[in-house]
Amino acid sequence: MRIGISGYGQMGVLIRQKALAWGFAVSEVIDPHGSAAEITAREISSISTRPDVIIDFTHPKAVIANIEQCGELKIPVVVGTTGWYDQMGQVADIVKKAGIGLVWAGNFSLGVNLFLRLVETAGLLMDRFPQYDAAVHECHHRYKADSPSGTAQMIGDIMIRTLGRKSETVSDSPESKIGEHQLHLSSTRIGSVPGMHRLIFDSEFDTLILEHRARSREGFAEGALAAAQWIFGREGFYNINEMMESVIGGVEDREHL
């Protein structure tokens, strides 16, 4: 498989290393500003060879144009960039019109996606115990471009879906008290933390915490490469949960909790 990498920051470098270790060819490395010797093009539209899949870890302001260029060249794309989800409908239309495949995730880590399944089960269970309030907190390195993280938003979406008493997420610093129907998503940016996500249930008597901590970015890179293998030969607009359901199957009978 020939991989193209859009964005040659820390994740792009790691994806290239992992791709070569997996026996893939890295035919293009696209970055508009970088100076690394591995960079072959400044934008996707100017590449000289056609990869089988392009993996995008760039910036929220660049990702829509990158997807459009992938569509014009009929190249499937894996999107690990976050912060563009308010344009989800536009991206789905681009993918459908171009007839390509796209799989996106707020986080491609296998551990995170298993964690999200635990989050869903916890939400279904805790829905029966209204004495527990809920909140989400995430912590990442100080260079992360978006806040809250895409994964935190995914956790929030799961809680809104499974906890009947929560109908709205609040991610800015609240200027007044949080409403009972609101789920607070809070963020910290510090140092070089690869990523930490925490789901908290709190009552008058005790606190329950589910937490995932990334030790390195390698898990994200391997997940993105697995997604590249999965999306190759497919058409359509997919998220990581649909990919996971396809690969490992659904968790049956969760609704009985």
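The values are calculated or read from the model by the stated rules, or taken from the named source; none is laboratory data. Bear in mind that the values here come from a model prediction, so they are computed numbers and not experimental data. No Cβ is skipped: glycine too gets one built from the backbone with ideal geometry, and neighbour counts run over all protein chains shown.
Restricting to the range 126-142, name every residue that is in contact with a Ser or Thr (Cβ under 9 Å, 6 or more places away or on another chain), farther than 28 Å from Ser192 by Cβ and surrounded by 14 or more Cβ atoms within 10 Å (Cβ to Cβ). Lay out the reasoning, then the answer.
Filtering the range 126-142 for residues in contact with a Ser or Thr (Cβ under 9 Å, 6 or more places away or on another chain) gives 126-127, 129, 131-133, 135-142.
With the extra rule that they be farther than 28 Å from Ser192 by Cβ, the set shrinks to 126-127, 129, 131-133.
If the condition is that a residue be in contact with a Ser or Thr (Cβ under 9 Å, 6 or more places away or on another chain), farther than 28 Å from Ser192 by Cβ and surrounded by 14 or more Cβ atoms within 10 Å (Cβ to Cβ), then Met126, Asp127, Tyr132, Asp133 are the ones that fit.
Taking (1) in contact with a His (Cβ under 6 Å, 6 or more places away or on another chain); (2) hydroxyl-bearing (Ser, Thr, Tyr); (3) at pLDDT 95 or above; (4) under 21 Å from Met244 (Cβ atoms) in turn, Thr162 satisfies each apart from (1). Residue count for the range 51-101 under the criterion of being surrounded by 24 or more Cβ atoms within 10 Å (Cβ to Cβ) and either of a type in the set (Gly, Ala, Ser) or on the phi > 0 side of the Ramachandran plot (or both): the result is 1.
Name the one entry in Glu235, Glu222, Glu180 that is of a type in the set (Asp, Glu) and over 30 Å from Pro51 (Cβ atoms). Steps first, please.
Values: Glu235 fails: over 30 Å from Pro51 (Cβ atoms); Glu222 fails: over 30 Å from Pro51 (Cβ atoms).
Of the residues listed, the single one that is of a type in the set (Asp, Glu) and over 30 Å from Pro51 (Cβ atoms) is Glu180.
The lone criterion from (1) under 13 Å from the mean Cα position of the chain (by Cα); (2) assigned to a helix (DSSP H, G or I) left unmet by Gln90 is number (1).
Criterion applied to Val112, Val119 was being in a helix (DSSP H, G or I), more than 16 Å from Asn66 (Cα to Cα), touching a residue at least 24 places away in the same chain (Cβ under 8 Å) and over 14 Å from the mean Cα position of the chain (by Cα), and the one residue passing it is Val119.
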